[in-house]
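Report on the structure given below.
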Amino acid sequence: PRERGQLEPYLVYRFMAGDSLVIADDEAVIREILDRLVTENRDESFSTVTAYREVMNRVAADAGAQAPQARWFIDPFDYALVMRAANDGPRKRRKDMLAIFRSQGFDAIQSVGGYIHLATGNHEILHRTMIYAPAVEPTPTRYRLAARMLNFPNDETWNWHRWIPRELASATNFRWKTQDAFEYSETLVDAIAGSEGFFDDLLSSIEIDPNGPQIDVRSEFVRHLGQDVTVLSDYVYPITPKSERMLVAIAVSDEQAVRRTVKKALVTDPDARQIDVGQYTIWEILDQEDESGPDLDLDLDGIDPIGSAPFEEEEDSPEDEKILRNSAITVAH
């Protein structure tokens, strides 16, 4: 049945052909698929798409003889366009984040896909995922503009950190050239702000504004960042819309220097509260307009193949751009 304001009813088409049950919401699409199944017309099949072949060949090589129960594939930018069209196009008065990411070189990510295995004997669920993003420039950075921050080096000595607790919803650890990523983010920040030079002006203001923290962000903070990044999530019970908690930990090369910088940045912040735990200091930052808990609007689990578009258009309002309304920061060990 039609919903309020819906002009056309929602239609579903389905057919059986041999061992295939096919379901679609578009008549032209399902007629074409039926024709391909019946006539064995394989011209311009999915297997001829280079991005698809690269992804599937890579995960198949690792899986060996183990057949997957599911396989999936997405062209992230085209998928985002489809989802935008399905939701009546870009919303008014919002930044076109999809266009911004594309202009900053992130469209080098041509596809994402993989294999999913259920009940392998050693795993309840085992997935192998491949991101196909071939180099677009013959340089060490491979990509252009802000996309150059996509540099995640391998580490032969990788192990989970012993401080990570057992009871978690998710745990992710990776290597990232954070210092390079900071510098390469300049053009992305400028594009989002809609003003060339905004990035440098912001850093200069943080350093010289007499009413600010007066921190040289590059020398007092960024240069001490390491490449080891850990992201954890869990939930507070009972489950509510505010239950999710997230922790991000980045290795630093000089604990005392970073601790001084964090204190310098927050000691005069009216929203920050100092909590001493032994020899360590935790800085708790609360949004005075919302003390009910963190409002996380950040998806770190990758692209949802059947959910919302991977790139949402952001509101221009500064309040809507807050990822963590409430947070806590410390430097330790």
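The values are calculated or read from the model by the stated rules, or taken from the named source; none is laboratory data. All figures in this text were calculated on a predicted structure; none of them were measured in a lab. Here Cβ is always computed from backbone atoms with ideal geometry, including for glycine, and neighbour counts include all displayed protein chains. These accessible areas exclude ligands, DNA and RNA; they are computed on the full protein's heavy atoms, side chains included. Shrake-Rupley method; radii C 1.70, N 1.55, O 1.52, S 1.80 Å.
Table for the structure above
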{"read-out": "Förster radius 25 Å - calculated FRET efficiency between ILE125 and ASN57, Cβ distance, rounded to 0.05", "value": "0.65"}
{"read-out": "For region 209-218, 3J(HN,Hα) per residue [Karplus equation, 6.51 cos²θ - 1.76 cosθ + 1.60, θ = phi - 60°, Hz, x = Gly/Pro]", "value": "5, x, 9, x, x, 6, 10, 7, 4, 5"}
{"read-out": "Kirkwood hydrodynamic radius of region 157-219, Cα pairs, Å", "value": "14.9"}
{"read-out": "GLU183-THR50 pseudo-label distance in nm [points 7 Å out on the Cα-to-Cβ vector]", "value": "3.0"}
{"read-out": "Qualifying GluC sites (Glu not before Pro) for region 1-97 [loop in DSSP, other Cβ within 10 Å: at most 15]", "value": "GLU3, GLU40, GLU44"}
{"read-out": "Dimensionless Rg/Rh of the chain - Kirkwood Rh, Rg from C-alpha atoms", "value": "1.00"}
{"read-out": "Amide H contacts of LYS177 (H built 1.01 Å from N, under 5 Å, at least 5 apart or other chain)", "value": "ASN151"}
{"read-out": "D_trans [Stokes-Einstein, Kirkwood Rh over alpha-carbon pairs] for region 10-49, 4 °C, 1.567 mPa s, µm² s⁻¹", "value": "118"}
{"read-out": "Solvent exposure of region 227-276 as accessible area per residue, Å², 1.4 Å probe", "value": "66"}
{"read-out": "For region 12-153: accessible area per residue (Å², 1.4 Å)", "value": "65"}
{"read-out": "Heavy-atom accessible surface of the chain: percent carbon and sulfur, 1.4 Å", "value": "52"}
{"read-out": "Under Karplus coefficients 6.51, -1.76 and 1.60, residue-wise ³J(HN,Hα) of region 126-138 in Hz, glycine/proline x", "value": "10, 10, 10, 10, 10, 10, 9, 9, x, 4, 9, 9, x"}
{"read-out": "Spin-label pair LYS263/ILE282, simplified geometry with 7 Å Cα→Cβ offset, distance in nm", "value": "1.9"}
